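Worksheet: the structure to be examined is printed underneath.
Every number in this text was worked out from the coordinates using simple rules, so none of it is lab data. Nothing here was measured: the structure is a model prediction, and the numbers come from that model. A quick note on method: Cβ atoms are made from the backbone with ideal geometry, for glycine too, and the neighbour counts reach across all protein chains shown.
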Ligand SMILES: Cc1cc2nc3c(=O)[nH]c(=O)nc-3n(C[C@H](O)[C@H](O)[C@H](O)COP(=O)(O)OP(=O)(O)OC[C@H]3O[C@@H](n4cnc5c(N)ncnc54)[C@H](O)[C@@H]3O)c2cc1C
């Protein structure tokens, strides 16, 4: 049996950064990264943005050039899925049956795209966007597509809709709630994005439930809504969230549900086993200490760095301010902090100019900002969030007052 000082399961953002950060922290031991995709680590955000639109090719979304890993003695197993963990023997078992020993294990498996539960969910022409393979299948079908239905008005669904409009497809977006982005943003931001998508020709329907996907000759031909309406289409994109990939760890006895519970150093309840990224359930200071999973590149990278430093014996705790971005049409959204639990919002600037920010307050303190084409607010507002400052809302609402003046 092969044994490595550190085994990283998952070769995505968190896994790759854990390996990079270990070598940067002068970790000299043996290092293996195991990933179930065929590719070397690549950036996932472009899959619903520039990669989907054809603006960036695959080589340009690799996290590091191919030679980088071997140069740093980072071994990578691709197309290899871990199906079991034995924390007492300190081994992981691959789908092939091969067991691999570890000194320390870093679980960085992200999540799989949640599928529709209705009939027709697995028909040809029904897509999710989580992996390069998903995006490639979608891209391959695009030339024959006239009408697309996007199910889910979250970031991934809306980004996919924007790309589909860009390549001139007819697009319907279906959202079950009464506004898009309802789980992550306040109403002014939702209404702004709804208006933008409609202005770009998207048929956006809110508060609608999908009954099933209709089939013709083994492929999708429509989406039937609960009220009986059938929307004809030749492509469906499903963006309804992810399911964290944690079953082997939970079966091995790790604490958690809908994620693996970790402490401030990203340690799970199993000895010498860490978890990071989308699958890690952690108490977050910016969520008022609530246990959450964050699905962002920032979180995956920062938790990976904490684990690497912990492994080499540094005393660090995960305490990063969350940030995120989304690109739709010519709109660059940058968010900082977490808006969950806000009790007031201030809109700074005029949404009609496509350049404004929504500032979120809880008990008078700034907890988050959503900045649309407003990089300056994003940069300057970060401090308001990190320090939990309580500026005068009237001053915050005035776009002529730089936020840095309110942080003093
Ligand atoms: C289309 C899309 C757009 C996004 N846009 C943004 C954005 O704009 N900004 C942002 O901050 N975030 C964005 N995200 C989210 C961001 O990509 C994730 O938060 C980030 O990838 C999480 O990193 P991770 O390492 O936890 O998981 P991943 O990057 O998903 O990596 C996990 C890897 O582990 C593999 N794996 C799973 N189970 C096993 C197993 N048992 N054995 C071996 N390998 C396994 C998976 O196949 C995958 O390759 C986007 C995500 C998607 C899908």
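A few comments on the model shown:
- Rg(Cα) / (2.2 N^0.38 Å) computed for the stretch 25-75, rounded to two decimals: 1.37
- All Cα pairs of the chain, percent lying beyond 38 Å: 25 percent
- Ordering 57, 217, 232 from the fewest to the most neighbouring beta carbons within 10 Å gives 217, 57, 232.
- Within the stretch 11-143, antiparallel bridges make up roughly 65 percent of the DSSP beta bridges whose residues both belong there.
- Antiparallel DSSP beta bridges within the stretch 1-84, as percent of all bridges there, nearest 5: 10 percent
- At 1.306 mPa s and 10 °C, Stokes diffusion of the stretch 190-320 via Kirkwood alpha-carbon radius, µm² per second: 88 µm²/s
- Beta bridges per DSSP with both ends in the chain, % antiparallel, nearest 5: 55 percent
- Label-zone membership for the stretch 132-149, site residue 118, 7 angstrom Cα→C-beta point, backbone N under 14 Å: 149
- Note on 323, 107, 69: ascending count of other Cβ atoms within 10 Å places them as 323, 69, 107, the fewest first.
- Residues considered: 101, 253, 67. Largest GNM mean-square fluctuation over the chain, using C-alpha springs under 10 Å, is found at 67.
- GNM flexibility winner over the chain from 70, 11, 121 (Cα, springs under 10 Å): 70
- Distance (nanometres) between label positions extended 7 Å along Cα→Cβ at residue 140 and residue 395: 5.8 nm
- Global geometry of the stretch 112-169, whether rounded, prolate or oblate, following the gyration tensor of its Cα atoms and the 1.5 cut on a/c: rounded
- Here the sum of -39500 (n - 2.57) over DSSP H runs of 4 or more residues, divided by the residues of the chain, equals -6500 deg cm²/dmol at 222 nm, to the nearest 500.
- The chain: most fluctuating residue of 148, 18, 252 per GNM, C-alpha cutoff 10 Å: 252
- Which of 318, 360, 342 has the fewest Cβ neighbours within 10 Å, and the rest in rising order: 342, 318, 360
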